[in-house]
Structure formats: structure tokens, C-alpha cells
1. Let me check I've understood the local charge: for Glu9, count other residues with C-beta under 15 angstrom from its C-beta, Lys and Arg +1, Asp and Glu -1. What total comes out?
2. Find the centroid of the Cα atoms in the stretch 121-150 and in the stretch 87-101, then give the distance between the two in whole Å.
3. Taking the C-alpha atoms of the stretch 11-150, how large are the radius of gyration and the largest Cα-Cα span, Dmax, in Å?
4. Quick one: net charge around Gly42, please, counting Lys, Arg +1 and Asp, Glu -1 for every other residue with C-beta under 14 Å from its C-beta.
5. Using the Cβ atoms and a cut-off under 12 Å, what net charge is assigned to the surroundings of Ser120, where Lys and Arg are +1 and Asp and Glu are -1?
6. Measure nothing but the geometry: give the 0 to 90° angle between the long axis through the Cα atoms of 119-128 and the longest principal axis through the Cα atoms of the chain, rounded to 10°.
7. In whole Å, largest first, what are the principal axis extents of the Cα atoms in the stretch 96-150?
8. Which residues does the label zone of Lys94 cover in the stretch 27-66, counting backbone N under 18 Å from a point 7 Å along Cα→Cβ?
Amino acid sequence: MLFKRLIEEGEFELIGYVKQYLNQHHRDDVKIHVGCDSQNIGSLTHYATTVVFHIGNSGCHFIYKKEKLPKIEDMWTKLWGETTRAVEVANLLKEHNITIDSVDLDFNSDEKQKSNKLVSASVGFVESMGLKANVKPAILPAISAADMMC
């Protein structure tokens, strides 16, 4: 699976990059968050999936993957796509013995919000994979990064 960094044009393989990054830092100081966001722009749906390395008290570093698909009009389908993309990346990391601290979902626990309809299904799906899920109003670093990349 190929990802990018903001400061470089080229793509790199996800697992090798994450392992190298963790070897350069004290693993206990790094928390990994995975997330995905999407936006409809014109005739396309843009997805941005991110892996955020939260480094103690010194900030975050992130890598990302972008996809463009024909526009997905149905909100449920578009948002479920965010969940499945984040889980795919988190599971790949987990399969390579990389600990994921959370899968951040861009859904809101407030029942007044449209995305609330997916909270139960998405959190259940994430947790059924043995991963921790976070939703708003919690601070979601992977969603902040993904939103910026969309």
C-alpha cells in the first residue's frame, strides 16, 4: 500500500516507512492513529486516509493516501467508505505487529448530527477487529489530517 508525505512528491510503501519511523523514535513516545475523511468535489468523491504519529508532547507527523472516485451521492455509502479504508490500513499495520492506538472516525456522537447514524455500526466494526475507535467530540488527530488532505 503506497502513501505520501507532504514534503515529497514520491510514494513509498506503508509498512516499511512505519517500521523505520518507529525504529528512529522511542515506541513508547509514539501513538499511532489511523483515519479517513471524504469530500464530494465536483463530479468526484475524494478520500484521504492518514496515519498520524503522535510524538509525546512534541507534536504529530503524518502520512497519507488519496483516492478519487466517481461522486458518491449517498451519505451512508460515502461515510462507510471512510470506515472501511481506515480499518483496512489499521489491519495491515496490525498484521505487521504495529500497535494502533486508535482508529479515528469522522462521526459525531451527538444524535443531532447526520453522521451519528453511522456511529454504532462503524464503532462496532472497528472494535470487532480488535481496534479502538474514537468519534467526535473527542480530539481526532487522524481526522484533522485527513480533512486537511481532502
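1. So the surrounding residues net to +2.
2. Result: 14 Å between the Cα centres.
3. So, for the stretch 11-150, Rg and Dmax equal 14.7, 44 Å respectively.
4. Net charge in that neighbourhood comes out at +1.
5. Residues near Ser120 contribute -1 overall.
6. 40
7. 38, 27, 17
8. 31-36, 50-52
Quick note: the coordinates plus some simple rules give every number you see, no bench work behind them. Because the structure is predicted, anything quoted here is derived from the model rather than measured. All Cβ positions, glycine included, derive from the backbone under ideal geometry; neighbour counts span all protein chains shown.
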